[in-house]
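Inspection log for the structure reproduced underneath, given as structure tokens.
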Ligand SMILES: Cc1cc2nc3c(=O)[nH]c(=O)nc-3n(C[C@H](O)[C@H](O)[C@H](O)COP(=O)(O)OP(=O)(O)OC[C@H]3O[C@@H](n4cnc5c(N)ncnc54)[C@H](O)[C@@H]3O)c2cc1C
């Protein structure tokens, strides 16, 4: 996907520039000239990162230099063949895992048939507005369900810990081919932004349809058709069957009904570590001040972010999905529960910054839920989300409302209910509530210890105006669907490929996309004649 044709590339150099030099082409060229003692070159930035560790903020650039030739295109667009008459592969769920599985199947001359419970991006937007305005959560169309999955109305941070750069670059290049900005291939911590993601998702849909793939929106998988330990098809809510030799299950970590279905059908699933906590929000200007010091007002610097980790005696506490210039989003997938997450637009220009601050949940924390076996974590998660709904003083009789419990961070640390709340970006509304009583005592204590340590690392973090909103519970799947390491097929059921975050093999947009692709590659091998 990347342009690998030979160009007269003399060398790759690394530069350390001021924000002003990095933002201005003429100044950047001058810096390069002074390094190579030559002015006859073209350059292409291949990596960019910010070093904000000192008062003197630096921009690190890695640059390719070309002589006597224009710079090459960053990517060569993939060509997707028509696959309408090729063998069909079912994909359940059209999130990053499902989308990238579909694209890879098409590349490998197989025909994806996608079943997605939610609506297309445009119709889905109306349901998101209804959560905020009318306090109504549609169980099939919300911040987690619908075209593009949980990634569509997210921050679109594309950073991943995946070690295989080739795979990551392929995902980024595919996003660029479908309309994302080329900078995502350059920036050390790339992101797209909620305002731009839906267009990219829509373009991916168009590629799939143009190639002969099928997408069924508002179609929920409700049953697996299994014969002789082989998954031969699936059934939707209208009783329609979709038969295929292979099925990728990419339903994400919020599709609890899918986990219950697997459990009831006695298909092997396992419980898996996950994390739970709160979303904390500060003024972005405060975070800029903490991170950039006297450079905090420099417009050339992006809104600052942070990543925090602390280990207590029994638990890890860490920041999750930090959204500079963002909004706290109501991410419940059913009425009667409160779930937070965060998003930000491409410019990250909202007044607030937010992040999840969460505690790892160990098997010892789930003793009360032991009777639920592999679903213990899921039951715990569900219980806390319902408690948050109740703490929000929502209408329990009718499961109506999305008011979230909130507390000043400083009051949470003192186990004190707040008498007033600072301004906050969570739009459905907040109510002051004792969040310190929402979690089991040891989880609250771990959160409090973590926050206190973060206050030492980032002076000002424990500000009077910092607010916490509960509950940040969907950080990762509490369930794993085990599969063979090599073939990626389920360990018991043939033709069944659990994929993405819901299956426990990804944690974010890029890793879910890579996992979807990998499942598609393994399925494709079954159709490739062995030489
Ligand atoms: C608000 C928000 C912000 C986020 N920000 C970021 C970020 O900045 N960066 C990042 O890397 N990650 C972010 N994430 C997480 C990221 O979105 C997920 O990790 C990723 O989307 C997981 O991909 P997936 O394909 O495995 O599952 P999902 O994206 O969850 O997709 C699953 C799909 O399956 C569908 N489905 C479920 N059940 C059924 C069924 N029975 N039948 C048919 N279809 C079904 C759902 O409707 C959904 O579309 C964010 C998530 C949220 C909610």
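The values are calculated or read from the model by the stated rules, or taken from the named source; none is laboratory data. Please read all numbers here as calculations on a predicted model, not as lab measurements. Positions of Cβ are backbone-derived with ideal geometry, glycine not excepted, and every protein chain shown enters the neighbour counts.
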Criterion violated by residue 201 - all others in (1) modelled with pLDDT of 95 or more; (2) touching a helix residue (DSSP H, G or I) at 6+ places or on another chain (Cβ under 8 Å); (3) farther than 16 Å from residue 91 by Cβ satisfied | (3)
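When you scan the stretch 453-470, do you find a residue that is free of Cβ contacts under 8 Å to residues at least 40 places away in the same chain, surrounded by fewer than 20 Cβ atoms within 10 Å (Cβ to Cβ) and either part of a helix (DSSP H, G or I) or not assigned by TED's automatic domain parsing to the domain that holds residue 261 (or both), even just one? Write out each step before concluding.
Step one: of the stretch 453-470, the residues free of Cβ contacts under 8 Å to residues at least 40 places away in the same chain are 455-456.
Still in the running and surrounded by fewer than 20 Cβ atoms within 10 Å (Cβ to Cβ): 455-456.
Filter once more, so that each one left must be either part of a helix (DSSP H, G or I) or not assigned by TED's automatic domain parsing to the domain that holds residue 261 (or both): 455-456.
Within the stretch 453-470, one or more residues are free of Cβ contacts under 8 Å to residues at least 40 places away in the same chain, surrounded by fewer than 20 Cβ atoms within 10 Å (Cβ to Cβ) and either part of a helix (DSSP H, G or I) or not assigned by TED's automatic domain parsing to the domain that holds residue 261 (or both).
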Considering only residues that are within 14 Å of the ligand (Cβ to nearest atom) and part of a loop (DSSP other than H, G, I, E, B), look in the stretch 203-227 and name the one that is surrounded by the fewest Cβ atoms within 10 Å (Cβ to Cβ).
-> 218
The residue from 376, 404 that alone is in contact with a strand residue (DSSP E or B) (Cβ under 9 Å, 6 or more places away or on another chain) and surrounded by 22 or more Cβ atoms within 10 Å (Cβ to Cβ) is 404
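Can you say whether residue 397 is surrounded by fewer than 14 Cβ atoms within 10 Å (Cβ to Cβ), assigned to a helix (DSSP H, G or I) and either modelled with pLDDT under 95 or away from the ligand (no atom under 16 Å from the Cβ) (or both), as far as the supplied structure shows?
Details: surrounded by fewer than 14 Cβ atoms within 10 Å (Cβ to Cβ): yes; assigned to a helix (DSSP H, G or I): no; either modelled with pLDDT under 95 or away from the ligand (no atom under 16 Å from the Cβ) (or both): yes.
Here the answer is no, as residue 397 does not meet what is asked.
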Test set (1) surrounded by fewer than 19 Cβ atoms within 10 Å (Cβ to Cβ); (2) more than 9 Å from the ligand (Cβ to nearest atom); (3) in contact (Cβ under 8 Å) with a residue 40 or more places away in the chain - residue 159 fails condition number = (2)
With respect to the numbered conditions (1) within 11 Å of the ligand (Cβ to nearest atom); (2) over 18 Å from the mean Cα position of the chain (by Cα), which one is the sole condition not fulfilled by residue 230?
-> (1)
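How about the stretch 261-369: which strands (runs of 3 or more DSSP E) wholly inside it have at least 2 residues that are more than 16 Å from the ligand (Cβ to nearest atom) and touching a helix residue (DSSP H, G or I) at 6+ places or on another chain (Cβ under 7 Å)?
Numbers: elements: 274-283, 309-311, 316-323, 327-330, 340-343, 352-361.
Here the list reads 352-361.
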Extreme residue, surrounded by the most Cβ atoms within 10 Å (Cβ to Cβ), among residues of the stretch 63-107 that are in a loop (DSSP other than H, G, I, E, B) and within 15 Å of the ligand (Cβ to nearest atom) = 95
Going by the conditions given, is residue 242 more than 9 Å from the ligand (Cβ to nearest atom), out of contact with any strand residue (DSSP E or B) (no Cβ under 9 Å at 6 or more places or on another chain) and in contact (Cβ under 8 Å) with a residue 24 or more places away in the chain?
-> no
Of the listed residues (346, 296), the one being under 22 Å from the mean Cα position of the chain (by Cα) and within 30 Å of residue 23 (Cα to Cα) is 346
With 171, 176, 131 as the choices, which residue is surrounded by 24 or more Cβ atoms within 10 Å (Cβ to Cβ) and assigned by TED's automatic domain parsing to the domain that holds residue 508?
-> 171
Give the number of residues within the stretch 492-514 that are assigned to a helix (DSSP H, G or I) and near the ligand (Cβ under 7 Å from one of its atoms).
-> 3
Taking the condition assigned to a helix (DSSP H, G or I), touching a helix residue (DSSP H, G or I) at 6+ places or on another chain (Cβ under 8 Å), within 14 Å of the ligand (Cβ to nearest atom) and modelled with pLDDT of 95 or more, does residue 146 pass?
-> no
Within the set of pairs 6 or more residues apart or between chains, which connect a residue that is at positive phi inside the stretch 343-361 to a residue that is outside any strand (DSSP E or B) and surrounded by fewer than 19 Cβ atoms within 10 Å (Cβ to Cβ) with Cβ atoms less than 9 Å apart?
-> 348/302
All positions within the stretch 471-491 that are within 12 Å of the ligand (Cβ to nearest atom) and either over 13 Å from the mean Cα position of the chain (by Cα) or outside any loop (DSSP other than H, G, I, E, B) (or both) | 472, 473, 481
Candidates 495, 507, 500, filtered to the one that is buried (at least 24 other Cβ atoms within 10 Å of the Cβ) and outside the structural domain of residue 447 (by TED's automatic domain parsing) = 500
Please indicate, with yes or no, whether at least one residue in the stretch 94-104 is in contact (Cβ under 8 Å) with a residue 24 or more places away in the chain and either farther than 28 Å from residue 259 by Cα or over 24 Å from the mean Cα position of the chain (by Cα) (or both).
-> no
